[in-house]
Amino acid sequence: MLLLALFPVFVVGVGAGAVIAGLRIGQRTGLYLVIAGAGMALALGFALVQALRTRLVPPEGPKPARHEQPGLWRLVDELAAQAGTRPPEEIVLVPEVNAAVREDARLLGLRPGRRYLMLGLPLLAALDVAELRAVLAHELGHYGGGHTRLLAASYRGAETLGRTLSRLDAGPAKWILTGYGWVYAVLSRSANRAQELQADAYAVAAAGRAATACALRRTATLDAAWNAFTDRYLRLPGLAQRTPDILLGFRAFLGHPRQRQALAALERRVLDTRPRSLLDSHPTVRRRLAAIDRLPETPAHPDPRPAWQVLAEPGTVIPAAEQRLYISGELGPRASWAEIVRLAGAAEAARGAELLANAARTSGAAPGATLGEILQAVHRGEAERLIRPLLGPRAGRQEVAQAVTEGLAELLADVVVCALLVQCRARHELDWGEGWRVIGPTGELRPVELAAQAVGNPALAPRFAQQCVTLGVPLDFVPPPAGRPASRRPGSAGEPRLMAAAPVVRALGKNWDVLVYDTGLLLIPVKVAGLAGQRLAAVSGQAGHWQRKRIEKLLAHGTQRRLSHPGARWLAIDTMLGGDHKKFLTGGGKVALRFADGQTATLRTEDDAGYAALVAFLDALPQALPHRR
């Protein structure tokens, strides 16, 4: 608390001390020191103003009102009263696997402000009602009353200092404030760790030891589970052009024996290997579980219902929240996960088969692009020639070898599956353990394994051809065009979703602000005056703030106005075959895109967040050589 109150004195003292020392030293050295001290005081003064003015950006997402969700609000009010703190002014549903209470505190956290409860939508599927009660009680416990008020102010102060530092760029102001923040963090972290244990005590008082311990174990591994679910399954609705019930799928995914086994193994690692340091804000999970076990038991009734049961009309509220938080534009009619897998599997097989057919024609290894011709090329040892058109011009030997051994086998399997699908003799079946299974005329098929044998040993290609014939796949089969729909420009019917912004990207000989959509990249040229102003702001550590203001102004414009910006360029996702990326040690990195017409474009940025946004876009591309999950 004293560190927070002395922050303005520290800011003035650093600059004044340097100036006084310079005046005493005199001569040229002293003059330099005076100038440096005055500059430092100016930079720190700007930082202090930012610190005093910094505000929490209100979280975005669906905000259930009290009259819409009386049960949820009644639960939150009850838990806040038990913790001796005021309830939040707003509850916001967010896409992350997390629950948190954030406060827009003033004066470096010394003065309370507007409070928000952020409730991660995945928690409503992963937890039961009793566990959700424990999680919410824990979060509200951070702001508990009585003798914990100093800890609550410390918690607010740490949040506010962190937000202040995030607004500053590299420079003297950030260096000094980072050091100040480190000292504050070291001195306050022990209090924060104590508060975590006290927040757990509030959770036990509200939900009981069993529910609190179970919630802690679950949330320790839920991030990994959600990432696995989204990586494997949330790409499928776009392929199928169907709208899924995401939370229903996630709950089914968590309930599969294979996922339960994987999460149990992960939980053991989390308990045993979590690092400890002076800057840890949380005690280890094992220590927290031991502390929970020592607390007096509170009479509590288990409530195994899914946590979404605290909502009124969850069958309507949850799909609406999913649409806003996870789904870009209109995907099509709502469908079961079984139907989505069937349609997505067929679409992916058709696209892989078409890629191989086009490569066979382009390379000349199999001009007719029939399955028989392709297998003959493999038998002749021309696998590398077949796959070459799908690789970049700079592909190395290792990349080519991997493409032959893995990529070609997958694409050959796609041709086989596509041929069976055309005859209605195969289907993709949902499997929450592996993604999907291919069911053929004689049961489950594993075409990749069969194709891999022929690719690995060309002498076995005739045997693979015979196996295809036995399955009913004609060797004169030519994959039909997959018919991938063209991507939409922003502002067209079913408007694409704006995902992120990457400021000051160097590409095509110019500097651009790049807006990342789910269906393409919108490049908007940066004026020379804008860059000059940003460099001037860097003197006081405010370049990032200047840059954010420019991007915010750009985002405030309507979609059509952005498109009509002089010199703007639209790079559609359906013109891209893939690409690669490389991170720079000094920050940022470059992303190289390959287009269907043979052209390439390299986008360079020094901004880590911008580079991450471009890499996420690249990772979402349907790559020329798909990797099955």
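The values are calculated or read from the model by the stated rules, or taken from the named source; none is laboratory data. Since this is a predicted model, take the numbers as computed values, not measurements. All Cβ positions, glycine included, derive from the backbone under ideal geometry; neighbour counts span all protein chains shown. These accessible areas exclude ligands, DNA and RNA; they are computed on the full protein's heavy atoms, side chains included. Shrake-Rupley method; radii C 1.70, N 1.55, O 1.52, S 1.80 Å.
Descriptive notes on the structure:
- Given (1) buried (at least 19 other Cβ atoms within 10 Å of the Cβ); (2) more than 30 Å from R497 (Cβ to Cβ); (3) at pLDDT below 90, number of the condition Q402 does not satisfy: (1)
- Hits in segment 222-276 (condition: over 21 Å from R334 (Cβ atoms) and outside any helix (DSSP H, G or I)): H256, R274, P275, R276
- Looking across segment 74-97, the residues that are surrounded by fewer than 19 Cβ atoms within 10 Å (Cβ to Cβ) and assigned to a helix (DSSP H, G or I) come down to R74, L75, D77, E78, A81, Q82.
- Segment 423-447, residues that are closer than 24 Å to I387 by Cα and open to solvent by 40 Å² or more (accessible area, probe 1.4 Å): R446
- Apart from one condition, R55 fits all of (1) under 22 Å from L140 (Cα atoms); (2) of a type in the set (K, R); (3) modelled with pLDDT of 65 or more; the exception is (3).
- Condition check for P244: modelled with pLDDT of 80 or more, crowded, with 19+ Cβ neighbours inside 10 Å and closer than 24 Å to A99 by Cβ: yes
- In the set R294, R305, only one residue is free of Cβ contacts under 8 Å to residues at least 12 places away in the same chain and more than 26 Å from P333 (Cβ to Cβ); that residue is R294.
- Criterion (open to solvent by less than 80 Å² (accessible area, probe 1.4 Å), over 30 Å from A454 (Cβ atoms) and at pLDDT below 85) met by exactly one of R548, R488: R488
- Condition check for D280: outside the structural domain of W432 (by the TED database), open to solvent by 50 Å² or more (accessible area, probe 1.4 Å) and either modelled with pLDDT under 90 or not in a loop (DSSP other than H, G, I, E, B) (or both): no
- Of the residues making up segment 247-260, just one is of a type in the set (A, V, I, L, M) and open to solvent by less than 10 Å² (accessible area, probe 1.4 Å), namely L247.
- The residues listed here are L420, L411, L390, L375; of these, the one that is in contact (Cβ under 8 Å) with a residue 24 or more places away in the chain and more than 24 Å from Q467 (Cα to Cα) is L390.
- Scanning segment 312-349 for residues that are surrounded by fewer than 22 Cβ atoms within 10 Å (Cβ to Cβ) and farther than 27 Å from P95 by Cα yields A346, A347.
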